[in-house]
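A quick write-up on the structure given underneath.
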């Protein structure tokens, strides 16, 4: 009897590794790679997510296992990375076992039908910065950051605690080559499109795009084509006119929320009404932070370390004397408890300094 293909695996089947048996309870998702099964570890009774690949000998699986094995050296709880449990073959299916998480940021926005507030975006951002700092230290570029690949751990019990997932397209920083095409189009850094040297900085660009998606509810840059994406970068970020001239005749614009010609400053400032000055100041800090991540020059773009010291993350600009009576500041502090800082991080907060109490000072560019 021939072995079943991955898509013939069904509920209540039992997947067997060398030491553990997993009962398939349900299927949580399906993609070009195969399926994700919700399974019960029959040895520990732990609910586990198992990624079942279509082809057992696919070189992509080997690459993913290599990256996951390297990432195992990091603490998945402190570094906000998905916990990799095991990899095994079951008949003709290649299986990767992970901790079971809640839902993706993409799913969250679809379910609640509203965008996230800055209070909600901030802890997500801080946790991802910790993850990317850890990956940078061990020389790994994720290359596939998007809302689908950021998972809430348990949104009911720990609101907005997240982990970075899916290292199927991750690359060692030492092995990237000029001209490689990586990242989804709408989250692709300019240096990738233009054939310039690639580094960990491309993940920071993608983080800026994800933050904007959470804030606006749509991609900051259109993903229909590289041309449309780069044209939008030029217009939205006010990059040099020389590139716009080099792009030729402008085609009809695709459907895109920023088609009215606003740049990023105006888009953030005018997106929604602001109730008080504290909220406006926070919005300007967010804008300044976003522009630091979306710096078209990879050399001056925010690094994870630098970004963690920015006032949008540290909330230094919210530390007024009347903070105890300011509901906006109180709400911001409450949601940040999901990503507490250790002692070494606290020292960084103290040296950052306040950008300015004048919002205009935040609009002069990303340099700190």
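The values are calculated or read from the model by the stated rules, or taken from the named source; none is laboratory data. None of these values were measured; they are calculated from a predicted model. So basically every Cβ, Gly included, is an ideal-geometry build from the backbone, and we count neighbours across all protein chains shown.
Tabulated data for the structure shown
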{"read-out": "Test result for residue 281, more than 21 Å from the chain's Cα centre (by Cα), at pLDDT 65 or above, assigned by TED's automatic domain parsing to the domain that holds residue 190 and surrounded by 21 or more Cβ atoms within 10 Å (Cβ to Cβ)", "value": "yes"}
{"read-out": "Residue 115 over 28 Å from residue 10 (Cα atoms) and surrounded by fewer than 18 Cβ atoms within 10 Å (Cβ to Cβ)", "value": "yes"}
{"read-out": "Residue within segment 67-75 that is under 30 Å from residue 334 (Cα atoms) and in contact with a helix residue (DSSP H, G or I) (Cβ under 7 Å, 6 or more places away or on another chain) present", "value": "yes"}
{"read-out": "Selection count, segment 44-76, where residues are assigned to a strand (DSSP E or B) and surrounded by fewer than 17 Cβ atoms within 10 Å (Cβ to Cβ)", "value": "1"}
{"read-out": "Only listed residue being in a helix (DSSP H, G or I) and under 22 Å from residue 69 (Cβ atoms), chosen from 120, 133", "value": "133"}
{"read-out": "In segment 23-50, the residues that are touching a helix residue (DSSP H, G or I) at 6+ places or on another chain (Cβ under 8 Å) and at positive phi", "value": "34"}
{"read-out": "Residues of segment 77-93 classified as touching a residue at least 40 places away in the same chain (Cβ under 8 Å) and part of a strand (DSSP E or B), total", "value": "5"}
{"read-out": "Sole residue being surrounded by fewer than 18 Cβ atoms within 10 Å (Cβ to Cβ) and modelled with pLDDT of 95 or more, chosen from 23, 15", "value": "23"}
{"read-out": "Residue in segment 94-117 that is farthest from the chain's Cα centre (by Cα), counting only those that are in a helix (DSSP H, G or I) and more than 25 Å from residue 333 (Cβ to Cβ)", "value": "111"}
{"read-out": "Total residues in segment 29-46, condition out of contact with any strand residue (DSSP E or B) (no Cβ under 6 Å at 6 or more places or on another chain) and modelled with pLDDT of 95 or more", "value": "4"}
{"read-out": "Condition met for residue 363 (modelled with pLDDT under 85 and closer than 29 Å to residue 190 by Cα)", "value": "yes"}
{"read-out": "Test set (1) at pLDDT below 95; (2) out of contact with any strand residue (DSSP E or B) (no Cβ under 7 Å at 6 or more places or on another chain) - residue 125 fails condition number", "value": "(1)"}
